[in-house]
Amino acid sequence: MTGSGVRHRPSLQRTFALPRTATSGSSTAASESPQSGHATANSIVKSGNQGRLLSVVTQAVVQAIALVLVGCAASGPVLIRGELASRERIALTAESVAIVELTRAEDGLVIAEQRLPLAGRQFPVPFELQAQRAAIEGGASYLVRGAIALNGRTRWLSDPVEVRAQPGPINVGTLILKPYEPVAFSSPLVCGDRKASVGVGRSGQREFLQLTVGGERFELYETITASGSRYEAVDDARTYVWFKGQRATLTVRGVTYPECVVAN
């Protein structure tokens, strides 16, 4: 029937897609077999694995380079940078030489030194000390100090600055130089069969006691005590001289000498 009340069913061909017959114009579709699908999937998986492998290798190379750079920094020389300056006017003559030293606080051993001719230069004067890392490792304390010498004699001197080893460069900032007056007189100390000497010097407005013993020199400053006069090394509290009248107790890096007599 073709009346208005008759509904036409959609054809099965429109409802379900029928398989197409292979023709010469559709050879690509006809060639897609299950085997070729597996091959394509395997190729994608292999490409993904290769990409991940390349990423892992790249990360390993980067990490190895970083470790090499860190190792080089840790094994290279220690750089100590800063500058010398003065709050007072200093005439830097052609004979003036700036001296910067790195010493071990324990015994005053000089680890590194830099000498800078100052002819024609102005303050501040930058410096850079280089020290072998093996010489300053071990957690010990070290001191950096600057001075200006004229004709071989120290005329200006800074206070010591404590430093410790670290991976990168060490910046000690500005070392302020003060007028330095060498020891005006020296008195011998006789400590049993050992001998030492002490004398008074001046750095800036501050006086200090210079102790010379066993070829070493220490700068000592007065400390508060209930009796007598006690002078302690600026960089080592285990080194001191304790005067009581004409007698004194001398201790050097924790080793106490026999009782000393101040000889005139």
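Observations on the model:
- Scan of region 117-133 for residues that are basic (K, R) and modelled with pLDDT of 90 or more, ordered by number: none
- For F127: the one exception among (1) open to solvent by less than 20 Å² (accessible area, probe 1.4 Å); (2) free of Cβ contacts under 8 Å to residues at least 12 places away in the same chain: (2)
- The strands (runs of 3 or more DSSP E) located wholly in region 113-231 that include 1 or more residues which are acidic (D, E) occupy 125-131, 161-163, 170-181, 206-213, 216-223.
- Flag if R238 is more than 25 Å from R87 (Cα to Cα), within 36 Å of the chain's Cα centre (by Cα) and open to solvent by 20 Å² or more (accessible area, probe 1.4 Å): yes
- Screening L150 against (1) out of contact with any Ser or Thr (no Cβ under 6 Å at 6 or more places or on another chain); (2) at pLDDT below 90 leaves a single unmet condition, (1).
- Cβ-Cβ distances below 8 Å connect no pair with a first residue in region 208-219 that is without any contact (Cβ under 8 Å) to a residue 24 or more places away in the chain and more than 11 Å from T239 (Cβ to Cβ), a second residue that is of a type outside the set (G, A, S) and part of a strand (DSSP E or B), and a separation of six or more residues or different chains.
- Any pair with Cβ under 7 angstrom, 6 or more apart, that starts in region 242-255 at a residue that is surrounded by 17 or more Cβ atoms within 10 Å (Cβ to Cβ) and ends at one that is modelled with pLDDT under 90 and part of a loop (DSSP other than H, G, I, E, B): W242/G228; F243/G228
- Residue in region 178-186 that is at pLDDT 90 or above, more than 27 Å from the chain's Cα centre (by Cα) and surrounded by 13 or more Cβ atoms within 10 Å (Cβ to Cβ) present: no
The values are calculated or read from the model by the stated rules, or taken from the named source; none is laboratory data. Quick caveat: nothing in here was measured; it's all calculated off a predicted structure. Note: ideal-geometry Cβ built from the backbone for every residue, glycine included; neighbour counts use all protein chains shown. Note: accessible area is taken over every heavy atom of the protein model, side chains too, but ligands, DNA and RNA are not part of it. Shrake-Rupley method; radii C 1.70, N 1.55, O 1.52, S 1.80 Å.
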